Amino acid sequence: MVSILLKKQVRTLLEQHGSDSAAFETEQILKWATGLDRLTLTPDSEIDGEKAKKAINAAKRRIKGEPLQYILGEWDFFGLTFRVGEGVLIPRPETELLVEKVLKEIKKDGTVIDLCSGSGCIPIAISKKSGASCYGIEISEKALEYFKENIELNKVRDNVTPLLGDVLAPSESLLDSLPEKCDIITANPPYLTAEDMRELQREVRHEPETALFGGTDGLDFYRVIFGKWKKRLAEKGEFIVETGDKQAETVRELMEKEGFSCEIIKDYNKIGRLVFGRLAG
Ligand code: GLN
């Protein structure tokens with residue numbers, strides 16, 4: 001089948017089901033199914049039956065509400081590619097801000113511990129761009145598989161250590177696998193509220209609840225992690241966390257109570273998105 005016809009079929013399927021980014025998604029699906037890119041995929045490129053079927057099937061999954069990222073099986077974050085799928089949170093652009101902030105603070109020989117790592121996008125991007133040693137803790141075995149795969153894909157095996165564990169109740173063996181002290185602790189913990197969970201977008205319902213739900217008011221993790229993990233920070237060490245839309249002020253208070261001097265960093269929509277705290281020296 002000729003590419004322009006396939007493109008039309010895919011796009012029509014997506015549009016009929018109300019996708020407001022049908023053009024973009026069609027582009028992504030065609031690129032993925034054919035292995036051709038923007039330059040090599042011309043309107044009259046001949047696409048073999050197998051690949052055309054792959055594209056149509058992807059569009060059919062998409063219109064049933066599956067996230068595009070899971071269908072493609074990978075997604076870009078901070079200019080790097082990460083494998084994603086059922087069982088792991090899809091990296092969000094807001095989280096790139098967290099990585100940016102860490103890169104401003106971290107030294108090449110620095111050490112970072114990332115809590116609730118999921119796909120590993122935070123420690124992998126930090127390590128790849130700075131050379132820092134990063135440790136990532138993730139509670140879900142399924143997510144940890146993606147994390148390990150992403151370490152290989154991004155070739156950071158020497159600098160990123162994936163660990164299975166519960167950051168709210170770390171076991172002795174988990175603690176023994178971590179450095180005594182680190183420079184920065186990062187976290188994008190689950191922070192959605194019970195109300196948020198009831199109103200989840202269709203696509204987000206496919207993502208793991210353990211990566212999203214932060215308790216009734218979404219703050220369960222923030223109440224525990226600053227107190228529990230600050231012992232691992234070196235003098236003047238820093239904690240940097242992502243927060244939900246209305247949480248930054250409260251999270252700042254929780255962090256300040258643990259002896260940090262804090263600052264809130266807003267995202268591109270001018271919403272407080274990160275809380276950054278430094279331990280008094
Ligand atoms: N940012 C995600 C969302 O809006 C939530 C991720 C999280 O809870 N850390 O769905």
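The values are calculated or read from the model by the stated rules, or taken from the named source; none is laboratory data. None of the values given here were measured: they were computed from a predicted structure. Glycine also receives a Cβ, built like all others from the backbone with ideal geometry; neighbour counts cover every protein chain displayed. These accessible areas exclude ligands, DNA and RNA; they are computed on the full protein's heavy atoms, side chains included. Shrake-Rupley method; radii C 1.70, N 1.55, O 1.52, S 1.80 Å.
Sequence-distant contacts, meaning Cα pairs under 8 Å at least 6 residues apart, place the relative contact order of the stretch 138-234 at 29 percent. Compared with the dominant principal axis of the Cα atoms in the chain, helix 220-229 is inclined by about 50°.
Between the alpha-carbon centres of the stretch 1-39 and the stretch 219-269 there is a gap of 42 Å. In whole angstrom, note down how far apart the Cα centers of the stretch 111-153 and the stretch 66-95 are. If you average the Cα positions of each part, the centres end up 14 Å apart.
Neighbours of ASP220 by Cβ distance under 14 Å: Lys/Arg scored +1, Asp/Glu scored -1, total -2.
Given q = 0.16 Å⁻¹, what are the Debye log10 I(q)/I(0) values for the stretch 46-90, with equal point scatterers placed on the Cα positions and solvent ignored? Values returned for q = 0.16 Å⁻¹ are -0.51.
Take every pair of alpha-carbon atoms less than 8 Å apart whose residues are at least six positions apart; their mean separation over the length of the chain yields a relative contact order of 13 percent. With R₀ fixed at 25 Å, the C-beta to C-beta distance from GLU94 to ILE56 puts the FRET efficiency at about 0.15. Derived from the Cα gyration tensor, the three semi-axes of the equivalent ellipsoid of the chain are 38, 20, 16 Å, largest first.
Of the listed peptides 97-105, 218-226, what is their order by residue-averaged count of other C-beta atoms within 10 Å, with the highest listed first?
218-226, 97-105
Site pair LEU174 and GLU209 shows an inter-label distance of 2.0 nm when each label is modelled 7 Å from Cα along Cα→Cβ.
Put a plus charge on the Cβ of each Lys and Arg, a minus charge on the Cβ of each Asp and Glu, and nothing anywhere else: the dipole of the stretch 209-281 about its Cα centre is then about 260 debye. Here the simple spin-label model places points 7 Å from the Cα toward Cβ, and for ARG202 and ARG157 these points are separated by 4.2 nm. Accessible area per residue for the chain, computed on protein heavy atoms with a 1.4 Å probe, is 50 Å².
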